[in-house]
Number of protein chains: 4
Amino acid sequence: MNNGPTAILLMHCPDQKGLVAEVTDFLQRNDGNIISLDQHVDRSAGRFFMRVEWELNGFRVPADKIDEYFGTLIGQKYQMEWQVHRSDRKPRMAVFVSKMSHCLYDILQRYVSGEWGVEVPVIVSNHENLRYIAERFDIPFEVFPITKANKKEQEAREIELMRQLDIDFIVLARYMQILSDDFVSAFPYRVINIHHSFLPAFKGAKPYHSAFSRGVKVIGATSHYVTADLDEGPIIEQDVRRISHRDTVKDLIRIGKDLEKVVLARAIWLEIQRKILPYQNKTIVFD
Amino acid sequence: MNNGPTAILLMHCPDQKGLVAEVTDFLQRNDGNIISLDQHVDRSAGRFFMRVEWELNGFRVPADKIDEYFGTLIGQKYQMEWQVHRSDRKPRMAVFVSKMSHCLYDILQRYVSGEWGVEVPVIVSNHENLRYIAERFDIPFEVFPITKANKKEQEAREIELMRQLDIDFIVLARYMQILSDDFVSAFPYRVINIHHSFLPAFKGAKPYHSAFSRGVKVIGATSHYVTADLDEGPIIEQDVRRISHRDTVKDLIRIGKDLEKVVLARAIWLEIQRKILPYQNKTIVFD
Amino acid sequence: MNNGPTAILLMHCPDQKGLVAEVTDFLQRNDGNIISLDQHVDRSAGRFFMRVEWELNGFRVPADKIDEYFGTLIGQKYQMEWQVHRSDRKPRMAVFVSKMSHCLYDILQRYVSGEWGVEVPVIVSNHENLRYIAERFDIPFEVFPITKANKKEQEAREIELMRQLDIDFIVLARYMQILSDDFVSAFPYRVINIHHSFLPAFKGAKPYHSAFSRGVKVIGATSHYVTADLDEGPIIEQDVRRISHRDTVKDLIRIGKDLEKVVLARAIWLEIQRKILPYQNKTIVFD
Amino acid sequence: MNNGPTAILLMHCPDQKGLVAEVTDFLQRNDGNIISLDQHVDRSAGRFFMRVEWELNGFRVPADKIDEYFGTLIGQKYQMEWQVHRSDRKPRMAVFVSKMSHCLYDILQRYVSGEWGVEVPVIVSNHENLRYIAERFDIPFEVFPITKANKKEQEAREIELMRQLDIDFIVLARYMQILSDDFVSAFPYRVINIHHSFLPAFKGAKPYHSAFSRGVKVIGATSHYVTADLDEGPIIEQDVRRISHRDTVKDLIRIGKDLEKVVLARAIWLEIQRKILPYQNKTIVFD
């Protein structure tokens, strides 16, 4: 059983022969013991994707040199885009909230109980409402009230805070503000949102009301990376639950909260484990 | 255990006090033993819905007079819309197909094995392709090739055939023709379609291709009554299945077929049992 | 839209003609406006079950006399077992925990956010571990350490506390103690447990380890009333999630926690709304 | 897009460093273009599992020599157990049935519509009942009536038939006979059964009756390889569907048939694609 630290390589490049052999040979020659390897070829896009994880103990390339060596020896040769992560450095996650508490409590319970290997250095909000929860969990709570007039300026302050705190990714836990393109482009594929519908159905505001009006028999929730197009970012995870004519809009909201919590939590879990590889408007999820 | 024939009353009307008491009192006074009773109030619409089933044996109103007596004594008084059905008369179902066989085989297997109490007097198609299946099951197969030029005329002949055969409802088992408004209005809430997506997502043609392009993590199928607005009719049943980035469009089509079969079969089963009460663009499903 | 207080009648009795008419006539004569009515006949057991909810405003029998009047006029005549509840009196729920926090946090978040119309006057545990959570939520936390030697005595104190606090039902939120028959019989059909498997598979201890050993492709959770037979009580709700060969026991435990939370929460929600009618080793769930 | 024939290697062996590199290097040196590669390490068992598929076109080792070369160069060195398959040879599947038709129709519809790349040279039964279906699909139907007295002899004739027809695997499509240990050991991990419950719950006969008696809220079906221990073989696939107190045993049987069909079909699909690697009492499913 491996318990030591590991390195994780996520990469994609134009598909060609010998890519798996090239990478595994690099690891093998340098005494890297592979823990898991998963690859995928998107034939319609002609693109190759891979995630490989190996033990750092005994690996001959120093942990802080892996990125450089891999790039020099392999990455550039094949026009790869790649990231190298280390399991012994916990990702740092910021949580953005507005007034609803269900996702926040769910995230914090997982965080404090040690379910996730993650740091939460800050909770950000546009309202004071949930400060008491942050205080109960002893996590700094920063409020940036957003108006049309101050949005640009407040977002700039938020971006600055994210950089100061060395945040790896941001979770919008029912944050009821639309992020500007500037904000989004500062964190490409690094902002995870939970939308309370089964996308692409019921985009935009009040999806439970729309689901009720349409008379659907199943409702859903979707976690996705935030991109410039609202509700159009790469989907990470979705789930659904059956409803019936007996369920009012209020029931849909109640039932939907459970979906939102779990679908968002699964996306965060995948992100923490570096199992998601976004490409254009889709994700490869190596689960 | 009841094995005798039953009567089924489906009704809806403006909500008001005493409706359940009124109907059950009518049955009680006439020695009608209730097998099941289910009601629903849509508070936003202010409307009352009920399905009640009782034994015909011992009921003092003759079976063919129930509709009249109920209307005279109760229905008109409360501005009800109602239908009375009898379990000892099997509904007559026509199946419309084009070229794909999976839903047709599934329906016919259920029909011949006695799973459903239904008659299938005819299979209709716009192509010859599936005639051999109809022949294997000894069911008449009628072909009405449809072109832009002859659509009106051919549909008129189809309507005529439906009337001759005393068809109660029509199932579009992947029938790849859009029915005209004239056809639809001849069979209000009596044509059931299977759409190969999770409506309202991916309306129209090629939903599996759209689902693949969008990168969803779950696909679905929807059975619904056909109305003048394509893919907008009242939804009867929906179901979904998880997919992943590994699944190609071809995989989605294969996986989706299983959803289509079972979601359509469940809708037919509900229709046979008279458990669906459509109202405006929704259904009350008394399951 | 009704927002006033309601009365809820839950009843069962030997099946016979006219039961629905009898009850609805009683409500109708006394100006009780029915909000919802749901009935069920178990033909194999020859038993009739019903839940009916009506508005208290305008009802001619005083709220505190309904039980007496109903019994005198109808209940005794038909050998019914019945309960009358009022929506304007919140049920009082005690939560029993041991060392795991996920279900407790989930319950408390729902409680404090107002999702549930319930009172939680006390959290009981056999360990000190989770006291800090109770304190964060300002709920009294009572510890009764249980040993073989003191079990009888400690349980007697717990029963006494439940009575003092006028507790309606008890939720075992991963309470890792087996309750004695004496305790169980003091609260018949009033103790709800969450078992971390899909019963009747994997009864008893360490179900996730057993599921892993057996190589199942789906795991589950079950909420049920506690009876003298361990893990054999009437099942209220179950749900499942797919797993794969990649999931270790640790993964099953993590995934399972999400199932436990939501399956227990759904059972509590049904209990709060008085929608569960247990009979022998089964439940009728009027949802 | 690859459309040419492929080779598929399935293997497992004691876990050690360098296994992926060794195999991919072998393919790379011989110009084998990898289509997909999936591996798994069972850390508790210390065992490595892999499935790799590559194009035969251009591969320097002749297709009929791959097994020999791989064994000599790699397999024996690492104490591997391995199989090599070719996509241009369709697997040959025998279907065993008794009296129920739903799984048989479902299998045959998929077969004749070309959904599966498989040959079905024979349907075997212990009864004449379903011969008419085999005839409709023009597939030989062989009846071997089984009694206590003749079981050994009849099974010997069945085994002989399987060998004559060069059968790769056998599907028990609700075949209501228990196979003897002799039969099972003649086809190790090559007989797929569908059990109409969510194993390990409700093993043995009449699982729907047992599920009804226990009052479960979800029923299931399980496909598994047949081993000497009844209902204890490695599980390939499982699925479930919600039920309620309204569903009688007859309803469970009807609902369950849909589960049986689809769960069995998924297992067959995985088998045809050589995606299942059984090991002891579990399966690795490379989907």
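Tabulated values for the structure
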item	result
Relative contact order of chain D, pairs being alpha-carbon contacts under 8 Å that are 6 or more residues apart, as %	15
Protection proxy ranking, peptides B:144-152, D:219-227, average beta carbon neighbours within 10 Å, highest first	D:219-227, B:144-152
The protein assembly as shown - percent of accessible surface contributed by carbon and sulfur, probe 1.4 Å	47
Chain C, helix-only ellipticity at 222 nm - DSSP H runs n ≥ 4, -39,500 (n - 2.57), divided by all residues, nearest 500	-9000 deg cm²/dmol
Helix C:19-29 axis, angle to chain C major axis (alpha carbon atoms, nearest 10°)	60
Compactness of the protein assembly as shown as Cα Rg over 2.2 N^0.38 Å, two decimals	0.98
Helix D:249-272 vs. chain D, principal-axis angle (Cα, 0 to 90°, nearest 10)	20
Minimum Cβ-to-axis distance in chain B for the rotation onto chain D, with residue, whole Å	B:136, 2
Label 7 Å beyond Cα on the Cβ vector: residue B:136 copy-to-copy distances, nm	0.7, 6.1, 6.2
Normalised per residue, the volume of the convex hull around the Cα set of the stretch D:6-86 (Å³)	74
The stretch D:1-160: C-alpha gyration tensor shape, a/c 1.5 cut-off, then a/b vs b/c	prolate
Candidates A:60, A:266, A:92: whichever shows maximal mean-square fluctuation once chain A is modelled as a Gaussian network with Cα springs under 10 Å	A:60
Helix axis angle, B:151-164 relative to chain B longest principal axis, alpha carbon, degrees	40
Phi to ³J(HN,Hα) by Karplus 6.51 cos²θ - 1.76 cosθ + 1.60 over the stretch B:66-77, Hz, x for Gly, Pro	4, 4, 5, 4, 4, x, 5, 7, 10, x, 5, 4
Distances in nm from residue D:204 to the matching label points in the other copies, shortest first (labels 7 Å along Cα to Cβ)	1.7, 5.8, 6.0
Residue A:189 - accessible surface, heavy atoms, 1.4 Å probe, Å² rounded to 10	80
Relative contact order (percent, whole number), the stretch A:142-287, Cα cutoff 8 Å, 6+ residue spacing	20
Nm distances between copies for residue D:30, ranked from closest, using label points 7 Å along Cα→Cβ	2.9, 8.1, 8.6
Residue-count net charge about residue C:270 - beta-carbon cut-off 12 Å; Lys, Arg +1, Asp, Glu -1	+2
Farthest toward positive dipole pole in chain C [+1 Lys/Arg, -1 Asp/Glu at C-beta], among C:37, C:130, C:10	C:130
Residue A:218 long-range amide H proximity, modeled H, under 5 Å	A:243
For residue D:35, distant residues with modelled amide H under 5 Å away	D:53, D:54, D:55
The stretch C:71-197: relative contact order in percent, alpha carbon pairs under 8 Å with at least 6 residues between	28
The stretch B:92-285: Rg to Rh, with Rh as the Kirkwood radius over Cα pairs	0.95
Bridge type composition, the protein assembly as shown - antiparallel percent by DSSP, nearest 5	70
Pair residue D:132, residue A:180: separation of 7 Å Cα→Cβ label points (nm)	7.5
Accessible solvent surface per residue of the protein assembly as shown, calculated while the other protein chains remain in place, 1.4 angstrom probe, Å²	39
Formal net charge of residues neighbouring residue D:9 (Cβ-Cβ distance under 10 Å; K, R +1; D, E -1)	0
Candidate aspartates and glutamates - alpha carbon under 17 Å from residue A:77, same-chain residues fewer than 8 apart omitted	A:15, A:22, A:25, A:67, A:68
Estimated vicinal HN-Hα couplings, Hz - the stretch D:122-135 in sequence order (Karplus 6.51, -1.76, 1.60; Gly, Pro = x)	7, 10, 10, 8, 9, 9, 7, 3, 9, 4, 4, 6, 4, 5
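The values are calculated or read from the model by the stated rules, or taken from the named source; none is laboratory data. Just so we're clear, the structure is a prediction, and the values are computed from it rather than from any experiment. Positions of Cβ are backbone-derived with ideal geometry, glycine not excepted, and every protein chain shown enters the neighbour counts. These accessible areas exclude ligands, DNA and RNA; they are computed on the full protein's heavy atoms, side chains included. Shrake-Rupley method; radii C 1.70, N 1.55, O 1.52, S 1.80 Å.
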